[in-house]
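Just so you know, all these numbers are worked out from the coordinates, no wet-lab data involved. What you see is a predicted model, and the numbers here were worked out from it, not measured in a lab. Here Cβ is always computed from backbone atoms with ideal geometry, including for glycine, and neighbour counts include all displayed protein chains.
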Amino acid sequence: MRFALSEDQKMLQASVGKAIADLAPLDRVRRYAEGKETIAADIWAGLSDLGLPGLMIPEAHGGLGLGLLEAAVAAEALGGAVAPTPFLGSAVLAPLALTLGGTPEQQARWLPKLASGEATAGVCIAEAVAGARDGAGVVAKDGRLEGFCLFGLDAQDADLLVVADRDGKLWLAERPAETAVMSSIDETRRLSEVIFAGTPAEPLASNEALTRLRDAAWVVLAAEMLGAGQTMLEKAVAYAKERKQFGRVIGSFQAVKHLCAEMAAELEPARALVWYAAYAFDHAPEEASLMAAHAKAHLSEIGRFVARTSTEVHGGIGMTDLLGLHYWFKRLGQNRQLLGGPEKVREYAARVQGLAA
Amino acid sequence: MDLTLTPEMARFRDEVRAFLQAHRSEYDAGQPKDVLAWQRLLIDNGYAARTIPKAYGGYGAEPDILKSRIITEEFIRADAPRGIANQGVSMLVPTLLEVGSEEQKKQWIGPTLRGEVIWCQGYSEPGAGSDLASLQTKAIEAGDDFLISGQKIWTSTAHQADMIFCLVRTEPDAPKHEGISYILFPMTTPGIEVRPLTTMTGHAEFNEVFFTDVRVPKANVVGGRGRGWFVANTTLKHERGMLGDPNATEARLNALIELMKTETVGGERIIDNPLFRDRLMQLQARVFAMKFNGMRLLTAAQTGEGAGLAGLVVKLQGCELNHQIAALAIDALGELGILYHDGPHLRARGNWQRNYMFDLGLIIGGGTAQIQKNIISERGLGMPREPSPAKA
């Protein structure tokens, strides 16, 4: 028994961390977030050199054929840098949808292009997972999609869309579907409203695909929150060791030390929960949904705590756009709500173990 | 990550299961029918005192963290009593093994393990809690003996104990951390008075102990004169490990789930109330996080890698979590949660109520939550110590 990242997984974590630090330092993230660039294709192209787009795509289709634990490890590093990438939709969810429910022909057509980063995919499952808002929802009729989805993930400028209809059935759609950016607090990952008007689509044949997609998305969102929270903790500790008040660094005051200790005390066990949820997705299917739900909800809660506490340790400067700490605050805020807020997800956790109807 | 058991470990797990199955009649609901006989049985089979050398009365197995974990898990699963886990077994024995003289090991370890000698711990004083090194109980030299005078407090089991392991100031002129000795003596020595200290649970879990010229041979010092602070820290490390056992926490959470499934108010099960259910799920996520954190620590111990922050947070988070689980149980019970002591409407013999109150003591004991946060921030995050008042 060994409950730890393998040497390969540690290397992946380090190399993604290093690459993203070079490709997307804060000023680069800021340019994207401020809307000065519509897509961050250069960052994704840089990560393609590491094979990141094909992380979960079978080797036969040009990918690395790794599991969700590796994806979570990468997502932690990406979340740690609030990187604008289509990792969740294009490298995790769409490949999963295709491997679970795609025909050999669909897989051969899309997986190699997704693996190389030549094409990207977006995913519209918000209504099927978390419930429909404002009349959203998609209906399929005679192989064509009608209606609209909200909170499309990585859908803007995507070459391929994976769409859940009102019955939870999954479809593959190509252009033309119209996408409109949904302006949100976290502009480092833009969400889309995707409108279908007789858009041709092909069905994906898997009854359980949506469940697997949802579980994977919850784990990856949790892993991103872990990374974002870890960065916020590190920034708070570094700041507290530097900033002087009353003639000494503020990090020597117990009140400040205790805030930092509380963040660490929440994050460390949460790390193990995220790892286990990803491991369960890959190797313990009977526990996968419960652990994914707990990881998503728990990281949402402690993510909010860390976001608030780290900002507080920084004092006024933590609120400013100048420092940019808010990008992590907002990523944590966004991930908390996406695909179901904590209450919704915990209700699901109760249901899968027979504790709720 | 590989969480499967090797065939050897799977076989070992089956052995433990078979043992518990065979001896099922010797205990009820986690309680042995004969404590001393059960303890002997566990030692003989390697389920207690497992890695303590045979020469000192243990089972003499090589340390194997995974086997220890399997034993813990199987005993919890079977609701089987773990044997004697008092302060003598969990704190004094590891200390003697580490720093005791050969004679001390031979004399005390065996009887302590078998439950024949009960110990209490004389550390805290009214004026020396978190700042333990400032303790004042003094030992004055009198030939080959010390004469010990002073007061201890929060001494659990002092009223039943045969012996005490005690911190006393033997070198009054040395700096405060270097003037303390760790010494063993019988509680029947003349000059000792024990006064029970009743807590809010209504039980006398602790005592105050007064010493007036208690004569103790100098040879009873463990680990060398003036070394008591360092010896005591060896035992505190063991105590903190004991206070955050995630297996026990998971067992407690499962008991809470059962309570919420069976208890009804106005015909509605507690578990069907969405507010209570949501609180339960929040705690369940925390329990899982601590459980998997424990698995990380286990792996770190096996591979010899340092556990770092994952180890430092256990006491703080574990004790807090236990208290929160008891708190939810009280809320779920509603008015029944305020009943206590005895009566036809009391649930689970009042254990939730008792835990709710007693666990607050565990958050304070073995280093308060605030002391734990100092440790996490200083050792785990590399933050500076608070300047001492003298220098400020």
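Values for this structure:
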{"read-out": "Nearest-20 debye value, the protein assembly as shown charge dipole, Cβ charges on Lys, Arg, Asp, Glu", "value": "1220"}
{"read-out": "Estimated FRET transfer efficiency (A:ALA132, A:SER184; beta-carbon r; R0 25 Å; 0.05)", "value": "0.85"}
{"read-out": "Residues A:GLU174 and B:ASN273, FRET efficiency given R0 of 60 Å [Cβ-Cβ distance, rounded to 0.05]", "value": "0.80"}
{"read-out": "Extended-chain gain in nm, criterion 0.36 nm per residue less alpha-carbon gap, B:ASP44 and B:GLU178", "value": "44.2 nm"}
{"read-out": "Members of A:LYS296/B:LYS291; A:LYS257/A:LYS296; B:LYS54/B:LYS315; A:LYS257/B:LYS315; A:LYS235/A:LYS257 lying beyond 20 Å, as alpha-carbon distances in this model show", "value": "A:LYS257/A:LYS296; B:LYS54/B:LYS315"}
{"read-out": "Inter-chain shielding of B:292-300 (mean C-beta neighbours from other protein chains, 10 Å cut-off)", "value": "6"}
{"read-out": "Relative contact order [Cα under 8 Å, 6+ residues apart], chain B, whole percent", "value": "11"}
{"read-out": "Cα-Cα separations in segment A:102-249 greater than 20 Å, expressed as whole percent", "value": "56"}
{"read-out": "Nearest-20 debye value, chain A charge dipole, Cβ charges on Lys, Arg, Asp, Glu", "value": "1100"}
{"read-out": "Global form of segment B:119-225, assessed from the alpha-carbon gyration tensor, a/c cut-off 1.5", "value": "oblate"}
{"read-out": "Whole-Å distance, taken between Cα centres, linking segment B:247-262 and segment B:95-151", "value": "38"}
{"read-out": "Residues listed by number, segment B:355-369, amide nitrogen under 15 Å from B:TYR340 label point at 7 Å toward C-beta", "value": "B:355-361"}
{"read-out": "Whole-angstrom gap from segment B:25-76 to segment B:282-315, using each part's C-alpha centre", "value": "24"}
{"read-out": "0 to 90° range, to nearest 10: angle between helix A:285-314 axis and chain A longest Cα axis", "value": "40"}
{"read-out": "Per-residue mean of C-beta atoms belonging to partner chains within 10 Å, peptide A:251-261", "value": "6"}
{"read-out": "10 Å Cβ neighbours from other chains, averaged over peptide B:382-388", "value": "5"}
{"read-out": "Distance between segment A:127-154 and segment A:286-318 - C-alpha centres, whole angstrom", "value": "28"}
{"read-out": "q = 0.07, 0.09 Å⁻¹: log10 I(q)/I(0) that the Debye formula gives for the protein assembly as shown, counting C-alpha atoms only", "value": "-0.59, -0.92"}
{"read-out": "Measure of compaction for segment A:110-169 (Cα Rg per 2.2 N^0.38 Å)", "value": "1.19"}
{"read-out": "Spacing of the two label points (7 Å from each Cα toward its C-beta) at B:ILE257 and B:ASP28, in nm", "value": "2.7"}
